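The values are calculated or read from the model by the stated rules, or taken from the named source; none is laboratory data. All values reported here derive from a predicted model rather than from experimental measurement. Neighbour counts run over all protein chains shown; Cβ positions are idealised from the backbone, glycine included. Accessible surface areas use protein heavy atoms only, side chains included; no ligands, DNA or RNA. Shrake-Rupley method; radii C 1.70, N 1.55, O 1.52, S 1.80 Å.
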Amino acid sequence: MNARLIVGLEIHVQLATRTKLFCGCKLGFGDPPNSNVCPVCLGLPGALPVLNRAAYEYAVRTAVALNCRMARFTKWDRKGYYYPDLPKNYQISQYDLPLSHDGFIEIPLEDGSSQRIRIRRAHLEEDAGKNLHEGLDHSRVDLNRAGTPLLEIVTEPDLGSPAECRILAQELQKLVQFLGVSEANMQMGHLRFEPNINLHIVDDDGREYRTPIVEVKNLNSFRALERAVAHEEWRQLEEWKRDHEYTLEHRGKQNRGWNDVRNETVFQREKEEAHDYRYFPEPDLVPVELDEAWLERIGATVGELPPAMKRRFMGEYGLSDYDAGVLTAERATAEFFDAAVKLGAAPKRAANLVTQLGLQLAKERGGAVSELGVGPERLAELARLIEDGALSASAGATLFEKMLTDGRAPRVLAQECQLLQRSDAAALEALLEEVLAQQSQAAAEARSGSKKAAKARGFLLGQVMQKTKGQANPKVVSDLLDRKLQG
Ligand code: ZN
Ligand code: MN
């Protein structure tokens, strides 16, 4: 017997617009219940929705990045629901003419290879409100979230393991953050996943079975996604072993929820088919026509994407996989680093400054590296000082911090703070001779080749560094010392 796991994923991404999808209400998190509402998102009779242009452009930007084909004509549909948190009794979504379709994303697998996952479609829709069950004798409804713009991304069933599902979700998070279309904050529920899972089983006699397609609703963490898929893989196989009629044709589709405490999926209901929703065209909104100029304008905001950038940083700049990954996690960081290199910074040096220092400093200040007040030109100058040996790496770190509040040229600043290394061989040689004369015993030991030689050499080096208050270039002193000891 052979069982193959088949998973397609639906992902709802909350877009980071200022206002809601069809009204001017603010998108706030943690505001008092029902404080960001108006007749449109309350669903009051006679209120008319108006499309948020930014939401549409964010959706198109993401779809372009997902290599989707863009619809030049797209319309809106009403999807019938009856829930307290959706007072209109329908959700405005897109049914037969989504704004984009037929794209793909490449995801890196754990063995170092990559896999192409096809994207079936990506469309815009509005979120519902929230039912609050607070242990009272009644539930309450908060409609602040009603009308929040969601981009629904649907993949083809190309995922074959729980880990692949998790990786795809994580890659999408990185992508939308990089594009600046969503904060994709998991704690705030900006990403929600709904895997559609079943098994293709071939038994020992060569008979084929397909288990019912189970959609697990509303997973809001990578861990829950991975574990829910793993649990379904196990559960469906067990069900089928008990009863070979546990198949798609006999049981249809079903929705299940995820119990994070018990680590298992729980039956919710038989799944609706499209006709159950009674989709019909939204008469209150005009269709959107995307012309070439508009699409081109939005496409230009996509730019070079993290995977391509990462490859370039590794290939052209010789960075490690790790460094390139850290630098390309955020667009601001990647572009800042790239600009510094183009201004002449040695890539590895600039990468170290950004990843080991810049990101830490930025984090402490709650912003991006590019907002630290040190431009790429200044970073390139700093990198050059270290590269040329004028600054030690640790003095470079000190100087970087000083540069945050002092806009003068790094060399000037370094001079003033006495951070520059002394590399003038003649002066250092004189100093070294002085030390050798004073410490004749150590000098003899260092020349002896005995067990104590290395220790004595280190001592002599330390003496020179001390005399220069740590400002001598240790490499220069070390080379000089070797020559003296041999000579
Ligand atoms: Zn509103
Ligand atoms: Mn949806």
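A few notes on this one:
- With every protein chain in place and a 1.4 angstrom probe, the accessible-area ranking of 249, 270, largest first, reads 249, 270.
- Computed accessible area, residue 203, all protein chains, 1.4 angstrom probe, square angstrom: 20
- Maximal additional length on extending the residue 163-residue 114 stretch stands at 16.3 nm, based on 0.36 nm per residue less the C-alpha distance.
- Per-residue Karplus couplings for region 409-414, computed as 6.51 cos²θ - 1.76 cosθ + 1.60 with θ equal to phi - 60°, are listed in order as 4, x, 5, 4, 5, 5 Hz, Gly and Pro entered as x.
- Among beta bridges from DSSP that stay inside the chain, the antiparallel ones total about 95%.
- Ordered from highest to lowest accessible area with the whole protein assembly present and a 1.4 Å probe, 335, 215 read as 335, 215.
- Take the Cα of residue 418, step 7 Å toward its Cβ, do the same at residue 485, and the gap between the two points is 2.9 nm.
- Gain on full extension, evaluated as 0.36 nm per residue between residue 439 and residue 200 minus their Cα-Cα distance, stands at 78.0 nm.
- Residue 256 long-range amide H proximity, modeled H, under 5 Å: 215, 216, 217, 268
- Using a cutoff of 8 angstrom between alpha carbon atoms and counting only pairs six or more residues apart, the relative contact order for region 425-486 works out to 38 percent.
- For residue 145, the residues whose amide H sits under 5 Å from its own are 130, ignoring neighbours fewer than 5 places away on the same chain, with H placed 1.01 Å from N.
- Computed FRET value (nearest 0.05) for residue 29 with residue 329, which takes r as the C-beta separation and R₀ as 22 Å: 0.45
- Compared with the dominant principal axis of the Cα atoms in the chain, helix 425-438 is inclined by about 60°.
- Take every Cα pair under 8 Å whose residues are at least 6 apart in sequence, average their separation, divide by the length of the chain, and the relative contact order is 13 percent.
- With viscosity 1.002 mPa s and temperature 20 °C, the Kirkwood radius over alpha carbon pairs of the chain converts through Stokes-Einstein to a diffusion coefficient of 79 µm²/s.
- The simple Förster model, with R0 at 30 Å and r as the Cβ-Cβ distance, assigns residue 289 and residue 342 a FRET efficiency of 0.15.
- Cβ-Cβ distance of residue 245 and residue 270, R₀ of 25 Å, FRET efficiency by 1/(1 + (r/R0)^6): the value works out to about 0.95.
- Rounded to the nearest 10 degrees, the angle from helix 331-342 to the longest Cα principal axis of the chain is 40 degrees.
- Per-residue surface analysis assigns residue 309 an accessible area of about 10 Å², computed on protein heavy atoms at 1.4 Å probe radius.
- Each DSSP beta bridge with both residues in region 2-289 is either parallel or antiparallel, and the antiparallel ones are about 95%.
- Accessible surface, per residue, of the chain when the full set of protein chains is kept, probe 1.4 Å, Å²: 50
- With θ taken as phi - 60° and the Karplus curve 6.51 cos²θ - 1.76 cosθ + 1.60 applied, the whole-hertz 3J(HN,Hα) list for region 126-141 is 9, 7, 8, x, 10, 8, 9, 9, 10, x, 7, 7, 8, 9, 10, 10 Hz, x standing for glycine and proline.
- Sparse-neighbour loop sites [trypsin sites (Lys or Arg not before Pro); region 1-105; at most 13 other C-beta within 10 Å; DSSP]: 18, 72
- C-alpha center-to-center spacing [region 34-100, region 122-142] in angstrom: 17
- Subset of 363/402; 310/363; 363/469; 20/79; 79/253; 26/310 violating a 28 Å alpha-carbon distance limit: 363/469; 26/310
- Relative contact order for region 338-487, counting Cα pairs under 8 Å that sit 6 or more residues apart, in percent: 19
- Euclidean distance of C-alpha centroids, region 314-333 and region 164-212, integer Å: 26
- The angle between the Cα long axis of helix 376-387 and the main principal axis of the chain comes to about 40°, on a 0 to 90 degree scale.
- Site pair residue 356 and residue 102 shows an inter-label distance of 5.0 nm when each label is modelled 7 Å from Cα along Cα→Cβ.
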